[in-house]
1. With the checklist (1) of a type outside the set (Ser, Thr, Tyr); (2) under 12 Å from the mean Cα position of the chain (by Cα); (3) farther than 16 Å from residue A:43 by Cα in hand, flag the one item residue B:32 doesn't pass.
2. If we keep just the residues of region A:43-67 that are assigned to a loop (DSSP other than H, G, I, E, B) and modelled with pLDDT of 95 or more, which is nearest to residue A:93 (Cα to Cα)?
3. Of the residues B:97, B:102, which is modelled with pLDDT under 95, of a type in the set (Lys, Arg), part of a loop (DSSP other than H, G, I, E, B) and crowded, with 16+ Cβ neighbours inside 10 Å?
4. Pick out, from region B:1-69, the strands (runs of 3 or more DSSP E) lying fully within it that include 2 or more residues that are more than 14 Å from every other protein chain (Cβ to nearest Cβ) and either touching a strand residue (DSSP E or B) at 6+ places or on another chain (Cβ under 7 Å) or not hydroxyl-bearing (Ser, Thr, Tyr) (or both).
5. Please enumerate the residues belonging to region B:65-93 that are of a type in the set (S, T, N, Q) and surrounded by fewer than 16 Cβ atoms within 10 Å (Cβ to Cβ).
6. Considering only region B:48-59, I want to know if a residue exists there that is over 23 Å from residue B:14 (Cβ atoms), basic (Lys, Arg) and modelled with pLDDT of 95 or more.
7. When you scan region A:1-42, how many residues do you find that are touching an Asp or Glu at 6+ places or on another chain (Cβ under 7 Å) and in a loop (DSSP other than H, G, I, E, B)?
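The values are calculated or read from the model by the stated rules, or taken from the named source; none is laboratory data. A quick note: this is a predicted structure, and the numbers were derived from the prediction, not measured. Here Cβ is always computed from backbone atoms with ideal geometry, including for glycine, and neighbour counts include all displayed protein chains.
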Amino acid sequence: ETGVTQSPTHLIKTRGQQVTLRCSSQSGHNTVSWYQQALGQGPQFIFQYYREEENGRGNFPPRFSGLQFPNYSSELNVNALELDDSALYLCASSLDYGYEQYFGAGTRRSVL
Amino acid sequence: GIQVEQSPPDLILQEGANSTLRCNFSDSVNNLQWFHQNPWGQLINLFYIPSGTKQNGRLSATTVATERYSLLYISSSQTTDSGVYFCAVERLGGSEKLVFGKGTKLTVNP
């Protein structure tokens, strides 16, 4: 158990819809990161939040956005879903940036 | 950005065999982690090892930061070791947090 929980576990959406994924970090962890993992690939970094401020972003378009809340929860929002957005979405928390990251079990999202 | 290469891409072993997985990276790092991804997608932390050597049961890892590589050793492999092993690094001051390699898919046959 990593202490990082994600919801929902599975999600099916149609192209053009909007979606919100949620993550609850370990208590005391100030940093949360989100990753996208396509089938057969390694996870790709989307963005990181540190104490509710964005602290780094990967090569993802602005329709991928996030929030981090003071209660160690966070959200990943994706607008105008595309077929290529079908993937496993992983959330990870760490005590601070640069420290060991612990991953949740992920949300498997399909876009039809 | 930083590049991470893992080898071999695929590895098939008989139960009881030993193996070495390699991770090469292209820049100095302040974070290096090894993960095992199970069939359900959960990434399980194996080691946090930006430098030095660590051991945990049948697993051990060594990172030589000056030469930009890390090795994961699995001894006396078991069928439950099957899955994909990822190396992930973070460059000090880099905008990308944890850049993953493509993984090594390990299959341990009984």
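1. Result: residue B:32 fails condition (3) only.
2. Among residues in region A:43-67 that are assigned to a loop (DSSP other than H, G, I, E, B) and modelled with pLDDT of 95 or more, the one nearest to residue A:93 (Cα to Cα) is A:43.
3. After ruling out the rest, the residue left standing is B:97.
4. The qualifying strands (runs of 3 or more DSSP E) are B:10-14, B:19-25, B:52-56, B:59-64.
5. Hits for region B:65-93 are B:66, B:75, B:76, B:78, B:79, B:80.
6. There is at least one residue in region B:48-59 that is over 23 Å from residue B:14 (Cβ atoms), basic (Lys, Arg) and modelled with pLDDT of 95 or more.
7. Counting residues in region A:1-42 that are touching an Asp or Glu at 6+ places or on another chain (Cβ under 7 Å) and in a loop (DSSP other than H, G, I, E, B) gives 2.
Yes/no per residue for (1) within 11 Å of the chain's Cα centre (by Cα); (2) within 14 Å of chain B (Cβ to nearest Cβ):
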site: A:9; (1), (2): no, yes
site: A:19; (1), (2): no, no
site: A:22; (1), (2): yes, no
site: A:28; (1), (2): no, no
site: A:41; (1), (2): no, yes
site: A:47; (1), (2): yes, yes
site: A:52; (1), (2): no, no
